[in-house]
Each structure stands twice: as structure tokens, then as C-alpha cells.
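Single-structure report; data block below.
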Amino acid sequence: MNKNQIISSFEFHQSAYERHGFNFQRRYPNEEFCRFMGRNFFQTPLTERKNIKILEVGCGAGSNLFLIARELFTAIGLDISSEAIKLSKEMLAKYNCSAEYLNSSMVKIALDNNELDGIVDVFSSHCLNSEEGSGFLKEVYRTLKVGGKFFSYFPSKNSDTWHLEKNNTLDKNTLNGLHRKNGPFYGNFHTFRFLYPEEYKSLIEENGLKVNYCETVSRTYRGMKDRFEFVVIEAIKE
């Protein structure tokens, strides 16, 4: 793959799900997402959970979405890849639960204003460039109810990857894919956006939400030679 060649997120993910199926993605929920659900939604009585609508953008093969559905919340999965949605339906059926689906971009969410109690973005909106990322956050604000929560697990510019590949940028925050062999997430040749924690907090608040939780988690790769950091952020629509 020539690093000067831009491949769309749709092309990349549709092809990857077609070729690798469930092996393209983890099978179980992201740990920080589980903590978000515990902090904000698990105290809701089981009999009332169907009234709470939670959307996951970039739901992929359903590794996070099935937790929302199995816990009896109204689950909605959005993904640009029809193949991902097909796999997600299979995943949820295995756990005897189901979700509603939107086969579209997260920049234009086909839901009403003030409809959602929660929106979850687990390593998905980083596929958008800076302009699209701002557009997505506008959609988050529009579709959340007052009191609704937004959760995001997002690549941090404190990662070694950003500093070692930032000569290959499409805009001030976005790489034209990850082309460093043996680097974390090598082979993701679509747009790949990074933000410093304080940048992401400011961007979210510029789009009308109030950030009430912002932390980072990191892990190392290749025998601790490569460090990759993630921003874990939560916001509310007041």
C-alpha cells in the first residue's frame, strides 16, 4: 500500500470484514466501555432498561453492542460496513438478543433530535478527519437527550505512533494510514486521527457537551519498545 494513496474507511473496513469475518475484531467488550456502562447505566432497574436507548457508532461485529443488548437496554448499532452489521447480527443472535441497525456514516446519524440516552464511540471516530470529526460531535449533541452521555475511547497524540508517523498527515490531526511496519495497528491504511487529551476535551466542549471524565490508558508493544496511549473521555449534554 503506497502511503500517498488514500483509501476510504468504508473500503478498508468492508474489505477487512469480508476477508477476516469475526477475526478482524476483538470478540468481547472494551474494558473502559464496561466501566462507563457501570458508572452510568447499570444502576437502572432491569424492568426500566428498555426505555434507555444507547447507540454505538462504528459497532463493527458487535463486540460492545452485545453487552448493551444483553443488559436489556435498547441497543442501536451504526456502521458504514454492511458486512460488519451482518456479523453483528450473528453475534447478538448467539447471545439471544438483538439490536436496531443503521448502515451509514456517523457524520450523519439518521435519528431524531434528543432521541438517545447514550452514544458510545470505541475506537471508531478516529477514522474521521478533523472536519468530519467535528461534524460527528455536532451529531452527538443533536441526537442526545438532555442528560444523555457520550463515551469515547480515542487515540492520543502522546502515542509514539503519532510522533513517528506525523510526516504523513492529511491535516493537523490525521494520518494517511499507519504504514510503520511492526508498529501498533500497522495495516490500518485509512485516515487515522489523533488528539491530545486536552485537545479532545476542548473539541467536545466546543460542540456543546460538558466533559465530566477524562483519563488516559496506555499499553506497550514489541517488548515495551512502542507505547500507545488512548484518551478515555465522557461527556454529558446539559
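The values are calculated or read from the model by the stated rules, or taken from the named source; none is laboratory data. Quick caveat: nothing in here was measured; it's all calculated off a predicted structure. All Cβ positions, even for glycine, are placed from backbone atoms using ideal geometry, and neighbour counts span all protein chains on display. Side chains are part of the model used for accessible areas, which takes the heavy atoms of the whole protein and leaves out ligands, DNA and RNA. Shrake-Rupley method; radii C 1.70, N 1.55, O 1.52, S 1.80 Å.
Run the Debye formula on the Cα coordinates of the stretch 44-159, all scatterers equal and no solvent, and tell me log10 I(q)/I(0) at q = 0.10, 0.19 1/Å.
-0.28, -0.99
State in Å² the accessible area per residue of the stretch 166-238; use a 1.4 Å probe, count heavy atoms of protein chains only, and round to the nearest integer.
Using a 1.4 Å probe on heavy atoms only, each residue of the stretch 166-238 averages 49 Å².
In what order, largest first, do Glu215, Glu83 sit by accessible area if the probe radius is 1.4 Å?
Ranked list, largest accessible area first: Glu215, Glu83.
Provide the percentage of antiparallel DSSP beta bridges, counting only those with both residues in the chain; round to the nearest 5.
Here the share of antiparallel DSSP bridges comes out near 55 percent.
Before I look further, what does the stretch 77-139 give for accessible area per residue, probe 1.4 Å, in whole square angstrom?
Result: 43 Å² per residue.
Given 0.36 nm per residue, what is the gain on full extension from Ser15 to Lys138 after removing their alpha carbon distance, in nm?
Once the chain is fully extended between Ser15 and Lys138, it gains 41.4 nm.
Which ³J(HN,Hα) values in Hz, rounded to whole numbers, follow from the phi angles of the stretch 96-112 under the Karplus curve 6.51 cos²θ - 1.76 cosθ + 1.60, where θ = phi - 60° and Gly and Pro get x?
Running phi through 6.51 cos²θ - 1.76 cosθ + 1.60 with θ = phi - 60° gives 6, 9, 8, 9, 8, 9, 10, 8, 7, 6, 6, 6, 9, 8, 7, 9, 6 Hz.
Let me check I have the definition right: for the stretch 85-211, take the eigenvalues of the Cα gyration tensor, multiply each by 5, take square roots. What are those semi-axes in whole Å, largest first?
Value: 27, 21, 12 Å, ordered largest first.
Could you look at the chain and say what percent of its accessible area is carbon and sulfur, using a 1.4 Å probe and all protein chains?
Summing carbon and sulfur atoms, their accessible area is 48 percent of the total for the chain.
Kirkwood Rh and Cα-based Rg: tell me the resulting Rg over Rh for the chain, rounded to two decimals.
The Rg/Rh ratio comes out at 0.95.
At a temperature of 37 °C and a viscosity of 0.692 mPa s, determine how fast the stretch 149-217 diffuses translationally according to Stokes-Einstein, using the Kirkwood radius over alpha-carbon pairs as Rh; express D in µm²/s, rounded to the nearest whole number.
252
Label points 7 Å out from Cα along the Cβ direction at Thr169 and Lys145: separation in nm?
The modelled label-to-label distance comes out at 4.0 nm.
Starting from the amide H of Arg193, placed 1.01 Å from N in the peptide plane, find each other amide H under 5 Å away whose residue is 5 or more places distant or on another chain.
The list, which skips near neighbours in sequence, is Cys127, Leu128, Leu175.
Measure off 7 Å from each Cα along the Cα-to-Cβ vector at Asn96 and Cys34, then give the distance between these two points in nanometres to one decimal.
Those two pseudo-labels are separated by 2.1 nm.
If I take R0 = 35 Å and measure r between the Cβ atoms of Lys108 and Thr47 in this structure, what FRET efficiency does the formula 1/(1 + (r/R0)^6) give, to the nearest 0.05?
Using R0 = 35 Å, I get an efficiency of 0.55.
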